[in-house]
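Working notes, structure below.
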Ligand SMILES: [Zn+2]
Ligand SMILES: [Zn+2]
């Protein structure tokens, strides 16, 4: 049974502990290392590997400390170029870590960025953050961890009111998944096996967690966390 423990989610930091029967991995490491230690019950030795989506600090900050502690960190090539000791992954190449079979795939962001498909037993977890949209469809997902950074309406309204510069509004729309894009993805993919949906990377100013959660819950009938 896959277990998800979110350490942090959002522009201030992203990191999630994923556990299977026998193994533990981290998805992203964009927090202070002590936060990972704390969340792992001060047993970071149990972390078999870490998969970083991309080089931005809110996803990669703890990378040097993880490597210092002997934890293998995998990421896209340009992230591996940024941090000594990171192992570069190729898109669509499978990797086995104990119970887990992990497949990275490219998603559109302003730097090279991976989403990860994580299989354990007959369960399938999908992790996608910091993408303009999701260019693929997936089958038999049981755990969905998907960005719902903003609502396009809220971003447009705040830009019109002058609370958000046009430049920033454009960057947000082009580099992060909106609730509208997340809903399109959910409608396009078979959600019949999904038990849990984690809406991630919500913006403080441009999102509405209660509304987003209700929308996704009504569409899927899954347990939704936001
Ligand atoms: Zn981010
Ligand atoms: Zn980013």
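The values are calculated or read from the model by the stated rules, or taken from the named source; none is laboratory data. The shown structure was predicted, so the numbers you read here are calculated from the model rather than taken from an experiment. No Cβ is skipped: glycine too gets one built from the backbone with ideal geometry, and neighbour counts run over all protein chains shown.
How about the range 111-139: which of its residues are away from ligand 1 (no atom under 15 Å from the Cβ) and either modelled with pLDDT under 95 or part of a loop (DSSP other than H, G, I, E, B) (or both)? Spell out the reasoning first.
Step one: of the range 111-139, the residues away from ligand 1 (no atom under 15 Å from the Cβ) are 117-126, 133-139.
Scanning the range 111-139 gives 121, 122, 133, 134, 135, 136, 137, 138, 139.
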Among the numbered criteria (1) touching a residue at least 24 places away in the same chain (Cβ under 8 Å); (2) surrounded by fewer than 16 Cβ atoms within 10 Å (Cβ to Cβ), which single criterion is violated by residue 92?
-> (1)
Would you mind listing the strands (runs of 3 or more DSSP E) fully within the range 1-78 where at least 2 residues are at pLDDT 95 or above, outside the structural domain of residue 203 (by TED's automatic domain parsing) and over 17 Å from residue 112 (Cα atoms)?
-> 3-8, 15-19, 24-29, 49-51
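Determine which member of the set 215, 160 is more than 26 Å from residue 1 (Cβ to Cβ), buried (at least 17 other Cβ atoms within 10 Å of the Cβ) and without any contact (Cβ under 8 Å) to a residue 60 or more places away in the chain.
Details: 160 fails: buried (at least 17 other Cβ atoms within 10 Å of the Cβ).
Going through 215, 160 in turn, just one is more than 26 Å from residue 1 (Cβ to Cβ), buried (at least 17 other Cβ atoms within 10 Å of the Cβ) and without any contact (Cβ under 8 Å) to a residue 60 or more places away in the chain: 215.
Suppose we filter the range 110-136 for residues that are surrounded by fewer than 19 Cβ atoms within 10 Å (Cβ to Cβ) and in contact with a helix residue (DSSP H, G or I) (Cβ under 6 Å, 6 or more places away or on another chain); how many remain?
The number of residues fulfilling the criteria is 4.
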Quick check: is even one residue across the range 91-110 outside any loop (DSSP other than H, G, I, E, B), within 15 Å of ligand 2 (Cβ to nearest atom) and not assigned by TED's automatic domain parsing to the domain that holds residue 145?
-> yes
Just give me the residues in the range 140-188 being part of a loop (DSSP other than H, G, I, E, B) and within 16 Å of the chain's Cα centre (by Cα), in sequence order.
-> 141, 142, 148, 149, 176, 177
Is the range 38-51 home to any residue that is buried (at least 17 other Cβ atoms within 10 Å of the Cβ) and within 16 Å of ligand 2 (Cβ to nearest atom)?
-> yes
Residue match in the range 53-69 (condition: in contact with a helix residue (DSSP H, G or I) (Cβ under 9 Å, 6 or more places away or on another chain) and closer than 25 Å to residue 121 by Cβ) | yes
